[in-house]
Amino acid sequence: MKVTIYIPAALREFTNGRSEVSVEPSGATVGEALSALWNAYPGVRDRVLNEQDQVRQHINIFVGNENIRYTGGLTTRLPKNSQISIVPAVSGGQ
Amino acid sequence: MIGEVLGHCRVVAKIGEGGMGVVYRAYDEVLHRDVAVKVVKKDAKLDSSGRQNLLQEARASSSLAHPNICTIYDVGEIDGDLYIVMELVEGKSLHGLAGEMGLAPETVLRYGVQIASALARAHDRGIVHRDLKTANIVVTPEGLVKVLDFGLAKRVGGGILEAPTLSFSTVQGASSVSGTLPYMAPEVLRGDAADARSDLWALGVVLYEAASGRLPFGGRTGFEISAAIMREIPNPLGPPVPPGLWAIIQRCVAKEPMQRYQRATEVQAALEAVQSGAIALPEAAEDRTAGPPRTTTMHSIRHVRIKKKDFVVLVGTNKGAFILRSNAQRRRWDVGGPYFHGHSVYAMAYDGRGDQRRIWASTSSFWGTLLRSSDDFGKSWTNPQQAPVRFPADTGTSLKNIWQITLGPAEEPDRLYCGVEPAALFETRDAGQNWSLMRGLFDHPHRPRWMPGNGGLALHTIVLDPSNQQRMYVGISSGGVYRTEDGGQSWTAQNRGIRALFMPEKYPEFGQCVHKIALHPARPERLFLQNHWGLYRSDDCGEHWTDIANGVPSDFGFPVVIHPRDPDCVYAVPVESEEFRCVCDGRLRVYRTRNAGASWEPLMRGLPQKQAYETVLRDAMTTDSLDPVGIYFGTRSGQLFGSSDEGKNWNRILGGLPSILCVRCAVVEDEGLGNVFPVRPKATKQVPGKSNASHHSTRRKNKKR
């Protein structure tokens, strides 16, 4: 299964400038698709996950238009031809 | 129009057409040569002044004799039609040649040199192109580049006079400015006048497009394109684009004109330099496919140039870091930065131990917290793929912030410490390659009962005893002062005599909210402490603390720093109260004691004394080691103040920075500054009940690493 992952501008220095990366994960979850991304571009991992393998507080991951926070986190299953987006949260006050 | 005669040119055929003009092939019947004639459409909104401008520009441009500039032969009017007779250039536009894949880097360099050369000639004559783009650069079959339409894109009556090639769409609705949106410089979008540097921006866009087939600042709408131009950094160009070419493009598209090349000849020279390298050594380009970069080079940022014996001040703010340079006089300052746009920089350090000249910085953003270093005063920084400071998996804890970077003993230039949030201490013994959690403190039985303060549960202060490598102190909010006597394996709370007004028990064993600890290497048994409430001194390595808030307007504050040569002289900046954490009465005053806290005096000459509701955070104050001693502090409102006479007189060095979180300073190549003062410690007092294991000098002669 092929999964397209959209890379935000801030992380493209770790993907050789690519704004989207296609991966073929070993399984059918968001976590497995992202693992395939880390394998190809290791620098992205620590920007998205903390050292306890949790998605960073102000980073959102979408499958299509759904935020995985509400669909099972990294265990969210991927439909065919999925598109994953990594998006920093909108926040303010600082 | 076909068959008509304009001046002495007979129109032969139509070549192209766009919003403002039509271009024809014509034959000059006097000089017997083929020419191109551009006729401005009748409906173009040209008022009389616009017409005059256009004629003037065209006449000026006609003086540009250069092999890479399409020559203008004549301008005129016939029956109210304005026309321009120019050299007929037969070839393909660079836009068409770049296609979707871009050209080979050697070709881009070859064309780039010619375009830069054309711009240099025009700029020398005071002519700015204003609408340089791949669509109006034509390459002849012989590989000769011709830049079209010099000086013709001047705004005319609210419309845009397009280039004759017209092969790339001019974004509609951009009528208040001249040029083509994806190539427009930020200052032109803001409505400022275009100058030569705006052309250099466009040249950067042209080079990027030629090398990649993509525009650096894209978008589906004019708004998106404008937003990208104003704010975004283009996607990096990796192989086969050589790093040198990418560096040139980045400098051309620096947002601020001052940060770009200032002259086209500079770009030309830079392209030629890469060209010579690229042709001689095609494999020499860095192979970025081997792995993402470990270093980020800061091209579009202003850097300071550091010379031996220069004096540097490092300023971390909540939106990036700055590096200031001066000499021993400390009167004039150059400012480099901002580094790490938008990231909070809570901790910085300068490491001059051994042969190092390294700046450390912690950066924190949505993307996590990283420890980074620069060996070239900010021109490039490490950007590690994996966060170097990280909690082991079994702790179930994740790093939130790095609050403190402290150099290890002078004898061990590869050893450093980091104090982090949530409260923990990390150590490296290989100059930052590997960091390990100091378990002795992390596993302390008190840790579950430490309470986060307003700024989180942070270990923000690390103090080494230069006379005893096994002894070290840390400050934790809210946990209190802890000391180790065995190099970090075991720790004891050292808070006897320190009040904790927010606790039911006013003098608990631990739980105090310590803000900063200072130690003097000449008297390492003595410590000064600024607490959440309370100013204290200990003369016995933290065993007992005495209240020394004698004559300060408030004993609440954050920083406390010590004079490098006088262990009785200490500086603090009291704030009004816990609720109102601003200096008392809106008067910015530093307080100094010269008798170890028996009395304090305000220092205010040169500091604002009216409506200055400032706060100086715990790491935003520091002293240097020069004579007389300099003292520096930054405020939450982004002002940096300094005194080069021990606090007698103050100057505002910089204003308008983001909130200042930390300030550090050092003399370059004055070995071993930072946390280690260049003073040989005297014999130390023994801690009650402890053996005093070792005595070491804090100084070390340039040991090679």
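Just so you know, all these numbers are worked out from the coordinates, no wet-lab data involved. Only a predicted model underlies this, so the values are computations on that prediction, with no experimental measurement involved. Neighbour counts are summed over all protein chains in view; Cβ atoms, including those assigned to glycine, are modelled from backbone coordinates with ideal geometry.
At-a-glance table
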quantity	calculated
Set of aspartates and glutamates near residue B:379 by C-alpha distance (under 19 Å), chain-local residues within fewer than 8 positions excluded	A:13, B:256, B:286, B:310, B:334, B:351, B:355, B:669
Phi to ³J(HN,Hα) by Karplus 6.51 cos²θ - 1.76 cosθ + 1.60 over the stretch B:96-110, Hz, x for Gly, Pro	x, 5, 5, x, 9, 9, x, 9, 4, x, 4, 5, 4, 5, 5
Distance (nanometres) between label positions extended 7 Å along Cα→Cβ at residue B:627 and residue B:308	2.1 nm
Positive-end residue of B:341, B:433, B:117, charge dipole of the protein assembly as shown with Cβ unit charges	B:433
Restricting the stretch B:215-266 to trypsin sites (Lys or Arg not before Pro) in coil, as DSSP defines it, with at most 11 other Cβ within 10 Å	B:220
Spacing of the two label points (7 Å from each Cα toward its C-beta) at residue B:81 and residue A:83, in nm	4.8 nm
Residue mean of other protein chain beta carbons inside 10 Å, B:357-369	3
Qualifying aspartates and glutamates (Cα of each under 17 Å from Cα of residue A:2; at least 8 residues distant if same chain)	A:20, A:24, A:32
Above-threshold pairs, the threshold being 25 Å between Cα atoms, out of B:38/B:255; B:14/B:133; B:38/B:133; B:400/B:506	B:38/B:255; B:400/B:506
Inter-site label distance for residue B:507 and residue B:4 at 7 Å from Cα along Cβ, in nm	10.2 nm
Residues whose placed amide H lies under 5 Å from that of residue B:653, excluding near-sequence neighbours	B:640, B:641, B:642
The stretch B:557-611, dipole about Cα centre (Lys/Arg Cβ +1, Asp/Glu Cβ -1), debye to the nearest 20	280 debye
Sites matching chymotrypsin sites (Phe, Trp or Tyr not before Pro) across the stretch B:457-508 that sit in DSSP coil, with at most 15 neighbouring C-beta atoms within 10 Å	B:502
Under 5 Å, built H, 5+ apart or other chain: amide partners of residue B:74	B:85
